[in-house]
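Below is one structure, written out as structure tokens; the observations come after it.
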Amino acid sequence: MISKKETITTTRGKVQQATSKDGTTIAFDRTGDGSPVIIVGGAFSQRKYPDLVWLAGLLAERFAVINYDRRGRGDSGDTQPYAVEREVEDLGALIDEVGGSASVFGLSSGANLALEAAADGLAIVRLALWEPPFALVGESPLPPDALVERYGEMVAAGRRGEVVEHFMEKVVGLPPEVVAQARKGTSWHEQEALAHTLVYDTILLGDGSLPVERAAVVKASTLVLEGGESFPFMSGTARALADFIQDAQWCVLEGQTHEVAPEAIAPVLEEFFVGGIRHRESGNDRED
């Protein structure tokens, strides 16, 4: 088993680039050998983040893992104007880079993107989604109206910290005192630097409701996961989403929050990506 420290070391100095359809360069690290797995990070994430690097290293014991910077982040380009279709093309460029097909694991808003890519027909062999932040109508709050415009205005005015605060407190629902403490943390400046990508993730989220029609056209074998200790508004969303995907399973990782631990999820992903987990409780194919 690779330790966290060893994993971080294995990926340094191996930055590669793929070119998306609109000419945007997408930076990525490739770790390990085997069938390809692409990791799609969520809000504020970059490929250099320790948990993503650690997860990539754990999966690299079995797979060729692509950990990349979504556009507008890290070493990747940010050709304007932003559109969800361009991010799907970015993922398509990475799939082409690794041979024309791949399994994909998306976290949070990255799961939204991965689902959209699968619905668009990208060559995704197996699809794993960790807590895509959709809401069940009538049970969970939808994002505030005009959030894309509001964030865009804040970013343009240089009020990046306010964007991060608003997202944490008003969208995620963290208590003000927790947000105030986060503002004092060492990673706050990195989150401010990525504030403009919250505009992108908000566009990707749409109205926040479960994308029933898009989910219904996904053909890839899919595993939708959630944490047993995650945000209350996400409870039930993973299972509901799995019910609309043609070939989907559903799984709860007990004890995990939205910030899932790499060592907890890596064995589950490995089992799924090699064709397993049908014995677990699932959305469409439950074996009670």
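Results, tabulated for the structure shown:
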quantity	calculated
LYS184, LYS170, reordered so the largest accessible area comes first (probe 1.4 Å)	LYS184, LYS170
More than 36 Å apart - percent of Cα-Cα pairs taken over the chain	9 percent
Where the chain is the region considered: accessible area per residue in Å², 1.4 Å probe	43 Å²
Pairs of lysines in the chain (C-alpha under 26 Å apart; 8 or more residues apart or interchain)	11
5 angstrom amide H check on ARG126, placed H, neighbours 5+ away	SER103, VAL104
All-pairs alpha carbon distance profile, the stretch 158-288, 10 Å steps from 0, percent	11, 32, 33, 19, 4, 0
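The values are calculated or read from the model by the stated rules, or taken from the named source; none is laboratory data. This one's a predicted model, so the numbers in the text were calculated from it and none came from an experiment. These accessible areas exclude ligands, DNA and RNA; they are computed on the full protein's heavy atoms, side chains included. Shrake-Rupley method; radii C 1.70, N 1.55, O 1.52, S 1.80 Å.
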